[in-house]
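Please treat every number below as a calculation from the coordinates, not as lab data. Fair warning: this is a prediction, and the values are worked out from it, not measured in the lab. Please note: Cβ atoms are built from the backbone with ideal geometry, for glycine as well, and neighbour counts cover all protein chains shown.
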Amino acid sequence: MNFSNIIGNEEIKIFLDNLIKTNNVVHSYMFIGPDGIGKVLFAKEFAKMILCQDSNKACNHCSSCIKFNSDNHPDFMIINSEDGKSIKINQIRFLQERISEKPIVSSKKVYIINNSDLMTVEAQNCLLKTLEEPPEYAIIILVLSNENKCLSTIKSRCTKIAFQKLRNSDLTQYANENNLEINSSLLSASDGSISKLLNLQNNLEAYKQLDNIINAFSKDNIVDIWNNADILYKSKDNINTLLEYLNTVFLERLKSTKESKYIQSIKIIENTKNKLSSNANYDMCIDNLLLQIWEDFNENYNRG
Ligand SMILES: [Zn+2]
């Protein structure tokens, strides 16, 4: 089957495959779902199937598939934000100029607008004209995570396809196939997203040190905890990511043990995040964070 190179969202694979087989592809789609789960990969594979000249869709052998695979297909385009912040009206006008020219290689043309929730209102209104009266050969796929940022007039013109977070088994499979490190903390912190999993891999040493700090809370005295927490004191620029990771690990332990000290720890971390965002003294915030969590761990530990 097609999409075999993409992990997860199996129902959508079957659905899109079926649209092609039954010749039911319409002019505009919205692929909606969390970031980092492969929506653009799905959109590209779908485009390749639509454009393929062979009856075995996305055959990888016809001139359309060959051009597609070499990023050189005249009937296909992906629009991305140029500054990472917005997609502007001139980009949509450019799309409209191109889409008005008849296809060259295939019988259709496919345009993907990635992160289309970044389109300005002007850009959306401009795109609306094309969605209302698309050329008969044109297919537009809007890929996005936040549909609230899209005008209702845009939404009503598109067939919506909702993607789900990846399952832990999917992420584990991906990690194993790509020789990435994986364990229960990393799975929780990835939250069903391959891009989050990949980001975590860049900082594995830091997360291991955080695991060590967490494990030390119920064994070591507070002075040793402070002395072995360099990773927190030296990560001012990255502290929110590290605190998020601590939160995820505590939440996971709360779920498996139901011990209340983990609730307290999560509250303490949230408090610290607030203090840091209001520019409190950095080292003192970390001192307090560790002390308070340590107190909670040892109070409950002694009572237990
Ligand atoms: Zn082909």
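The table that follows gives values for the structure above.
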read-out: Peptides ranked, highest mean first, by Cβ atoms within 10 Å: ranges 175-182, 160-167; value: 160-167, 175-182
read-out: Per-residue [θ]222 nm for the chain (sum of -39500 (n - 2.57) over DSSP H runs n ≥ 4, rounded to 500); value: -16500 deg cm²/dmol
read-out: Most positive-pole-ward Cα, I214, L186, F15, against dipole of the chain from beta carbon charges; value: F15
read-out: Cα-Cα separations in segment 10-164 greater than 28 Å, expressed as whole percent; value: 14 percent
read-out: Distribution of pairwise C-alpha distances over segment 1-51, 10 Å bins, in %; value: 23, 62, 14
read-out: For T159, distant residues with modelled amide H under 5 Å away; value: S28, Y29, M30
read-out: Translational D in µm²/s for segment 203-303 (Stokes-Einstein at 20 °C, 1.002 mPa s, Kirkwood Rh from C-alpha pairs); value: 157 µm²/s
read-out: Per-q log10 I(q)/I(0), the chain, q = 0.09, 0.10, 0.11, 0.12 Å⁻¹ (Debye; single scatterer per alpha-carbon; no solvent); value: -0.60, -0.70, -0.79, -0.88
read-out: Likely footprinting exposure, C52, C285, fewest C-beta neighbours within 10 Å first; value: C285, C52
read-out: Pair-distance profile P(r), taking every C-alpha pair of segment 1-91, with 10 angstrom steps and integer %; value: 14, 44, 33, 9
read-out: Likely footprinting exposure, M284, M119, fewest C-beta neighbours within 10 Å first; value: M284, M119
read-out: Farthest toward positive dipole pole in the chain [+1 Lys/Arg, -1 Asp/Glu at C-beta], among Q124, L289, I87; value: Q124
read-out: Cβ-placed point charges (K, R +1; D, E -1), dipole of the chain about Cα centre in debye, nearest 20; value: 860 debye
read-out: Distance histogram in 5 Å bins (all Cα pairs of segment 138-236, percent per bin); value: 2, 10, 16, 12, 12, 12, 12, 9, 6, 4, 3, 2, 0, 0
